[in-house]
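This report refers to the structure that appears directly beneath it.
Bear in mind these aren't lab numbers, they're just calculated from the coordinates by the rules spelled out. All values reported here derive from a predicted model rather than from experimental measurement. Here the Cβ positions follow ideal geometry from the backbone for every residue, glycine too, while neighbour counts run over all protein chains shown.
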Amino acid sequence: MNKENVYSVFTPTTPARLTFVERDDVNTKLVNALRIPGKQIVVYGHSGSGKSTLLLNKLHQLYEIHLTSRCMKGILLEDLIIDAFDQLAPYYNSEKSEASKTTISAEISQDYLSIKTQIRKSNTNEAGSKSIRVLPPQLTPQALGRFIGQAKSCWVLEDFHKIDEKERARLSQIMKVFMDMADEYPALKIIAIGAVDTARQVVEYDSEMRNRVAEIHVPMMKINEIENIISKGGELLKIEFDQNLIKGIGVYSNGLASICHHLCLNICTTSDIYESLDEKITINSESLNRALSLYLDESSDTLKKAFDMAFKQEIVKKYDNNKLILNALSELPPDGATALEIFDVIKRYEQTYPRGNLTRFIGKLCTEKEISVIRFDNVSGKYSFSDPIYRAFAQFYFKENRLKKSGDNIAFEIFFEHFRNNLNKGLTIKLVDL
Ligand SMILES: Nc1ncnc2c1ncn2[C@@H]1O[C@H](COP(=O)(O)OP(=O)(O)OP(=O)(O)O)[C@@H](O)[C@H]1O
Ligand SMILES: [Mg+2]
């Protein structure tokens with residue numbers, strides 16, 4: 001039997017292949033949309049819900065090749081078009097295209113090479129001056145569509161929500177052009193992905209396109225899906241995670257597969273397991289503490305940054321809105337609470353707290369661009385901490401703060417020490433309400 005490397009089995013920061021579990025509730029919708037000629041696709045859902053992984057695995061099943069462009073703040077549509085164009089080079093390079101299974105017509109190949117020469121020329125002219133990428137006039141959306149279509153490929157735009165609003169609206173024009181080319185190139189389509197709550201926050205398209213764009217929401221993972229990842233990984237490495245351990249990891253992951261992968265990886269490496277074992281062994285729940293301790297070390301900077309940002313928000317009128325919200329949420333169950341439930345807890349501390357403040361500030365907390373402390377799941381309608389360690393910190397912070405007003409920086413340090421001590425004593429379970 002093949003020996004697997006632990007880092008290719010548990011993949012906290014890259015799309016899962018070996019432990020990929022099918023997402024029954026979104027699979028059919030996504031596969032149908034991929035198969036319908038001309039259908040453009042928007043995939044959306046909370047960061048870490050599994051959008052890239054799901055799409056990648058489905059594209060591998062349905063497409064021979066696909067192009068992926070990653071978006072960042074400030075990037076222009078022109079940059080993305082050139083990026084896609086560049087990625088097509090292997091298919092239009094005359095020697096390679098003969099070998100490739102896809103037949104590329106000589107005429108299109110010629111067009112491609114001539115545009116390529118022009119891009120190169122304009123880049124050289126701009127050397128030294130501020131470089132703004134100008135598209136050669138021939139590189140129209142139609143031309144790009146033809147190049148992608150001939151290669152029987154599609155174009156994935158990762159993190160499309162990060163680019164400016166104006167650029168987002170321009171993408172819908174390209175989608176429209178691609179739709180109209182579906183007759184000739186049935187596989188041609190754009191798939192825009194965004195870590196947001198609605199498809200419209202990813203691409204702004206008008207009502208005439210409504211039926212021709214599939215909006216696919218990828219929800220957080222269900223507990224049985226998370227447990228599937230653990231057992232798939234265990235089988236590959238010949239490890240049996242005992243039932244309590246599986247349950248612990250499952251609850252702790254709170255719908256986020258990335259945390260599950262992280263903890264499983266930490267469990268293996270702290271047990272000196274780096275590849276498939278020759279003989280099966282069983283690992284029990286004691287190893288979860290070591291794994292969590294390591295996870296805390298790895299995530300302490302992010303935790304600090306996330307809370308620093310949330311705590312720094314201005315105090316409006318007499319209310320320290322963010323702290324009131326985070327305090328209330330930390331008193332509610334780990335899987336989260338509705339706005340009304342949070343409001344009820346806040347009122348215990350501030351009887352006249354206005355509901356409007358809650359709506360406004362909780363919305364901001366969820367959409368913080370860099371790291372958001374809390375997230376909203378629009379299937380359950382609940383808000384919850386983005387990471388269970390954040391919840392543990394909030395519980396600790398507000399409790400400590402009521403006792404003595406320690407500075408925020410010191411609070412982080414005391415928390416990390418306290419958490420670690422508890423882990424060493426085997427008290428994790430209590431701390432995170434497992
Ligand atoms: N279906 C799945 N089976 C197994 N593991 C998965 C699955 N989906 C996601 N994961 C794992 O979860 C983590 C996050 O997944 P992914 O990167 O796909 O999320 P995302 O929604 O694209 O996040 P972001 O918005 O931050 O890009 C990765 O570690 C990945 O390996
Ligand atoms: Mg992604």
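If the chain linking Glu4 and Glu368 were pulled fully straight, counting 0.36 nm for each residue of separation and taking away their Cα-Cα distance, it would gain 127.2 nm.
Where does region 223-285 land on Rg/Rh, using Cα atoms and the Kirkwood Rh? Intermediate results must be reported in sequence, preceding the final value.
Details: Rg = 10.7 Å, Rh = 11.5 Å.
Value, to two decimals: 0.93.
I need the shape label for region 123-263. Rule: rounded when a/c is under 1.5, else prolate if a/b > b/c, else oblate, with a, b, c from the alpha carbon gyration tensor. Verdict is prolate for region 123-263. Computed extension gain for Ser47 through Leu76, at 0.36 nm per residue and net of the alpha carbon distance, reaches 8.2 nm. Please determine, in degrees from 0 to 90 and to the nearest 10, the orientation of helix 257-270 with respect to the longest principal axis defined by the Cα atoms of the chain, where the helix direction is its Cα long axis. Approximately 70 degrees, to the nearest ten. Would you mind estimating how fast region 24-217 diffuses translationally, via Stokes-Einstein at 37 °C and 0.692 mPa s with the Kirkwood radius over Cα pairs, in µm²/s? Value of D from the Cα-based Kirkwood radius: 190 µm²/s. Here, the chain is characterised by an Rg to Rh ratio of 1.02, where Rg is the alpha-carbon radius of gyration and Rh the Kirkwood radius.
What do you get for Rg/Rh over region 7-49 if you use C-alpha atoms and the Kirkwood form of Rh?
Details: Rg = 13.0 Å, Rh = 12.5 Å.
Rounded to two decimals, Rg/Rh equals 1.04.
Stokes-Einstein diffusion for region 1-72, with the hydrodynamic radius set to the Kirkwood value over Cα pairs and evaluated at 25 °C in a medium of 0.890 mPa s, equals 176 µm²/s. Annotation for region 255-334 versus region 1-67: alpha-carbon center distance of 24 Å.
Rounded to the nearest 0.05, what FRET efficiency do Ser231 and Ser299 have when you use their Cβ-Cβ distance and R0 = 22 Å?
Working: r = 25 Å, r/R0 = 1.13.
Computed FRET efficiency for Ser231 and Ser299: 0.35.
Nearest 0.05, what FRET efficiency do Thr198 and Val177 give at R0 = 25 Å with Cβ-Cβ as r? Mind showing how you got there, number by number?
Working: r = 24 Å, r/R0 = 0.96.
Computed FRET efficiency for Thr198 and Val177: 0.55.
Taking only the alpha carbons of region 301-386, we obtain Rg and Dmax values of 12.1, 36 Å in that order.
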